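The values are calculated or read from the model by the stated rules, or taken from the named source; none is laboratory data. Every value quoted in this text rests on a predicted model; they were computed, and no experiment measured them. When we count neighbours, we look across all protein chains shown, and the Cβ atoms used for this are built from the backbone with ideal geometry, even at glycine. Remember, those area values only see protein heavy atoms, side chains included, never the ligands or the DNA or RNA. Shrake-Rupley method; radii C 1.70, N 1.55, O 1.52, S 1.80 Å.
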Amino acid sequence: MNNLPELIQKYLRYCEAYRIDLEQYCACFVDANISDITIPDIENYVTEMHDIYKPKTVKRKIASIKALYHYLEFQDLISVNPFNKIRIHFRTP
């Protein structure tokens, strides 16, 4: 399982999940500028995800969104990363 092509394919499948997660996030804020999305907006989004998905899926979706905001912050495309101020609680099944 340490074969480089297999590992790359596994990583690309992992990234594909991020793409889907980010498209779903974008669909909820389709007309919003990134700076218009507030911490309560994100918290509400997470709450809605808990109503739809299993905890493991919610964790991945949150990781996808956090990675996006981290990238935007790192590239100086946003001045404040809202995830620095959000505490996420996961529901247990």
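Figure the gain on full extension for I20 and R87 (residue separation times 0.36 nm, minus the Cα-Cα span) and round it to one decimal in nm. The partial results should precede the final answer.
Details: separation 67, 0.36 × 67 = 24.12 nm, distance 2.34 nm.
So the extension gain works out to 21.8 nm.
Take the Cβ-Cβ distance between D36 and L4 as r, set R0 to 35 Å, and report the resulting FRET efficiency rounded to the nearest 0.05. Don't skip to the answer; put the middle values down first.
Values: r = 42 Å, r/R0 = 1.20.
E between D36 and L4, to the nearest 0.05, is 0.25.
Roughly how big is the stretch 1-40's charge dipole about its Cα centre, with Cβ charges of +1 (Lys, Arg) and -1 (Asp, Glu), in debye to the nearest 20?
That gives the stretch 1-40 a dipole magnitude of about 220 debye.
In deg cm²/dmol, rounded to 500, what helix-only [θ] at 222 nm does the chain give when every DSSP H run of at least 4 residues adds -39500 (n - 2.57) and the total is split over its residues?
-22000 deg cm²/dmol
Calculate how large, on average over all directions, the projected area of the Cα convex hull of the chain is; give the answer in nm² to one decimal.
Values: hull surface 29.7 nm².
With every direction weighted equally, the projected area is 7.4 nm².
How much accessible area does C15 have with a 1.4 Å probe, in Å² rounded to the nearest 10?
Approximately 40 Å² for this residue.
Using Cα springs under 10 Å in a Gaussian network model of the chain, which residue among A17, A32, A67 shows the largest mean-square fluctuation?
A32
Given a 1.4 angstrom probe, what's the average accessible area per residue across the chain, in square angstrom?
Value for the chain: 75 Å² per residue.
Which of these, I52, I34, I65, has the largest mean-square fluctuation under a Gaussian network model of the chain (Cα springs below 10 Å)?
Judging by the Gaussian network model, the answer is I52.
5 Å is the cut-off here: which amide hydrogens, built 1.01 Å from N in the peptide plane, fall below it relative to I78, excluding neighbours closer than 5 in sequence?
So I78 has HN proximity to E73.
If you take the charge dipole of the chain about its Cα centre, with +1 on Lys and Arg Cβ and -1 on Asp and Glu Cβ, which of S64, I34, Y53 is farthest toward its positive end?
Y53
In terms of solvent-accessible area of protein heavy atoms at a 1.4 angstrom probe, what is the ranking of R87, R13, R60, highest value first?
Details: R87 195, R13 150, R60 80 Å².
Greatest to least solvent exposure: R87, R13, R60.
Taking the full set of protein chains and a 1.4 angstrom probe, give the accessible area of D36 in square angstrom, rounded to the nearest 10.
D36 exposes around 90 Å² with every protein chain in place.
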